[in-house]
Structure formats: C-alpha cells, structure tokens
1. Out of all DSSP beta bridges with both ends in segment 17-125, state the antiparallel percent to the nearest 5.
2. When the chain is modelled as a GNM with alpha-carbon springs shorter than 10 Å, which of 82, 123, 14 fluctuates the most?
3. Give, in nm to one decimal, the length gained when the segment between residue 107 and residue 28 is fully stretched (0.36 nm per residue of separation minus the Cα-Cα distance).
4. If you work out Rg and Dmax of the Cα atoms in Å from the coordinates, which of [x] 21.2, 68; [y] 13.8, 41; [z] 14.1, 43 do you get?
5. Once both labels are modelled 7 Å past Cα along the beta-carbon direction, what's the residue 21-residue 65 spacing in nm?
6. At 0.36 nm per residue, and after removing the present C-alpha to C-alpha distance, how many nm does the segment from residue 39 to residue 135 gain when stretched out fully?
7. Could you please state, rounded to a whole Å, how far the C-alpha centre of segment 65-102 is from the C-alpha centre of segment 105-143?
8. Which of the peptides 67-78, 87-98 is most tightly packed, and how do the rest follow, judged by the mean count of other Cβ atoms within 10 Å per residue?
C-alpha cells in the first residue's frame, strides 16, 4: 500500500502516464507533451522513486538541450530516436546550486524525438544504454 501511495504522490502533477518496457524493468513515466510541460519537467521534485520518471515528447527528431535548473535530484537523461533507439545516455547529471545564473547552468543535449529522465543510476540499473530499443509507440503526439 505504501508503494502505491508514494507513487501517487510522486506522479501528482496530473500528467498522463505510460509504461515503458526497459530491458530490466518496467518504467512508469509521466508524459510531457506541451511546451509548458516540457519546460516544467521535473523541477522542484524532491523525490523520484525507482522505475519512475518523465518522458518528453517532441514534434520531430531534432537537437534538444536539457538542463538542471530548479531540479532537486540528480538525473539520468536518455535521448531517444523516433524509432525508439537510445542514442545517448547522460548518467548522474548533478543538481546545480539554485544561485547559479541561468547562463552558467550546464546543458546536456543530443538529437532526439523523445527524452526520458530517471533518477540518477536508474538507466544503468534498468539496462538502458546507447543502442537499446524502447517501444514508445504508445506515446501520444506533442501538443
């Protein structure tokens, strides 16, 4: 019962969710498909449970950049092609000081149609590495 209640708390943002089957685990991810949802991302979250995260859906397969502004937990960022192939994994991207000016916050980027953010270390634990193919066919289109 605690696990369900905790998951509900973590996924309390009222975004739609879906399950993504990784090689070693099923991931429950919130879907950020609007510009505002993608911009908010996982900002100000204090907890991110194992096997949960956020899927960012973009209009096309293009170069996208992510940063850790107002993100309170270290993350793994997974950049994925339109066909579901993982192109790049940035592991254990650290939290930055809230006082760091925006122009000094490091950015991680690659070509992607989708990006998944998970708690730091989760990608490796779940068998997600460059070249792995994830089934994202159930992801809704961006708005």
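Every number here is computed from the coordinates shown, using simple stated rules; none is lab data. Treat the numbers as computed from the prediction; the structure is a model and nothing was measured. FYI the Cβ positions are ideal-geometry reconstructions off the backbone, even for glycines, and counts take in every protein chain you see.
1. Numbers: 27 of 32 bridges.
Taking every DSSP beta bridge within segment 17-125, about 85 percent pair in antiparallel fashion.
2. For the chain, modelled as a Gaussian network with Cα springs under 10 Å, the answer is 14.
3. The span from residue 107 to residue 28 would gain 25.9 nm if fully extended.
4. Label [z] holds the value from this structure.
5. Computed distance between label sites residue 21 and residue 65 equals 3.7 nm.
6. 32.2 nm
7. First find each Cα centre; the distance between them is then 10 Å.
8. 67-78, 87-98
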